[in-house]
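Shown next, in structure tokens, is the structure this report addresses.
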Amino acid sequence: MGRIALVTGGSRGIGAAISVALKAAGYTVAANYAGNDEAAKAFTAETGIPTYKWSVADYEACKAGVAKVEADLGPVEVLVNNAGITRDAMFHRMTPEQWNEVISTNLNGVFNMTHQVWSGMRDRKFGRVVNISSVNGQKGQAGQANYSAAKAGDIGITRALAQEGARAGITVNAICPGYIGTDMVRAIDEKVLNERIIPQIPVGRLGEPKEIARCVVFLASDDAGFITGSTISANGGQFFG
């Protein structure tokens, strides 16, 4: 059995690719999900990776969920904070609910999850935390004040925790994907995708979920032990941050 890795939002999209890549690299993987029971069941059937349901926005649910994973598999040594949602609206139309929902999942969720595994990592003198941020957390995006704020916050907590964890053998890094060819992105109107989004990307294409997953596998590895507090911009040259 390899090291235990827990991926939030790990049964769909980028998270699913990360879960599969970590398993292929020899990790014992648990995938968290929030609501889509059918997709989670299909993912487990296809990959053999167990799924666990809870909302990362709920601290007590995270506490119980991590305890269940650790009871089943063992102490979590690699945590990938990937779970995220969008509630897009121009700021003058954004509601407090839209703001709070995104902050609760995309930023508070990183605290809620990492807080459950941090002490154990410190005690064992080893840990890997990888936070999936976004290019829009680096450059901002109209209509996404909530999302951009949360994802920028993910970079901030990454840098702070990297300093706290370094002497305890814990690395904390962030990955900022650009536009990745998930089902959600490919569902965008083809004209918008081809005329407004892809032309912004110097390499001339969407990224693939497996390309983000490969970044995670490297940062989780022993080979990446001297890399902490870093942000990998995986966006095809769209933004240099």
Worksheet, complete the sentence: Residue-normalised 222 nm signal for the chain, counting each DSSP H run of n ≥ 4 as -39,500 (n - 2.57), nearest 500 deg cm²/dmol, is -14000 deg cm²/dmol
Item to complete: Take each uninterrupted DSSP H stretch in the chain, measure its Cα extent along the helix axis, and return the ones at 18 Å or beyond whose mean Kyte-Doolittle hydropathy is at least 0.0.
Response: 59-73
Discussion item. Can you tell me how region 49-106 classifies by the Cα gyration tensor, rounded, prolate or oblate, using a/c under 1.5 as the rounded cut?
Written reply: prolate
Practice prompt. Using only the Cα atoms of region 69-144, construct the convex hull and provide its projected area averaged over every direction, in square nanometres to one decimal.
Written response: 6.1
Worksheet item: For the pair residue 97 and residue 37, what calculated FRET efficiency results from E = 1/(1 + (r/R0)^6), where r is the Cβ-Cβ distance and R0 = 25 Å, to the nearest 0.05?
Response: 0.55
Item to complete: When a/c is below 1.5 the answer is rounded, else prolate if a/b is larger than b/c, else oblate, so apply that to the chain with a ≥ b ≥ c taken from the square roots of the Cα gyration tensor eigenvalues.
Response: rounded
Practice prompt. Please return the longest stretch of the chain lacking exposed loop sites, where chymotrypsin sites (Phe, Trp or Tyr not before Pro) count only if DSSP places them in a loop and at most 13 other Cβ atoms lie within 10 Å.
Written response: 1-225
Discussion item. Given contacts defined as C-alpha pairs under 8 Å and at least six residues apart, what's the relative contact order of the chain, whole-number percent?
Written reply: 19
Item to complete: Could you calculate the contour length gain from residue 124 to residue 239, that is, 0.36 nm times the residue separation minus the distance between their Cα atoms, to one decimal place in nm?
Response: 37.7 nm
Practice prompt. Quick one: which residues, 5 or more positions from residue 11 or on another chain, have an amide H under 5 Å from its amide H? H modelled 1.01 Å from N in the peptide plane, none for Pro or chain starts.
Written response: 16
Worksheet item: Of the trypsin sites (Lys or Arg not before Pro) in region 106-142, which ones lie in a loop per DSSP and count no more than 16 other C-beta atoms within 10 Å?
Response: 125
Worksheet entry | Two-site label geometry, residue 64 and residue 24: point separation in nm, points 7 Å out along Cα→Cβ | 3.5
Worksheet entry | Inter-label distance for residue 205 and residue 188, nm, one decimal - labels placed 7 Å from Cα along Cα-to-Cβ | 1.7
Worksheet item: How far is it, in nm, from the label point at residue 44 to the one at residue 221 when both lie 7 Å from their Cα along the line to the Cβ?
Response: 3.1
Item to complete: For residue 180, enumerate residues with amide H under 5 Å from its amide H, sequence gap 5+ or separate chain, H modeled in the peptide plane.
Response: 207
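No value in this document is a laboratory result; all are computed from the given coordinates. Keep in mind the model is a prediction, meaning the values are calculated, not measured. All Cβ positions, glycine included, derive from the backbone under ideal geometry; neighbour counts span all protein chains shown.
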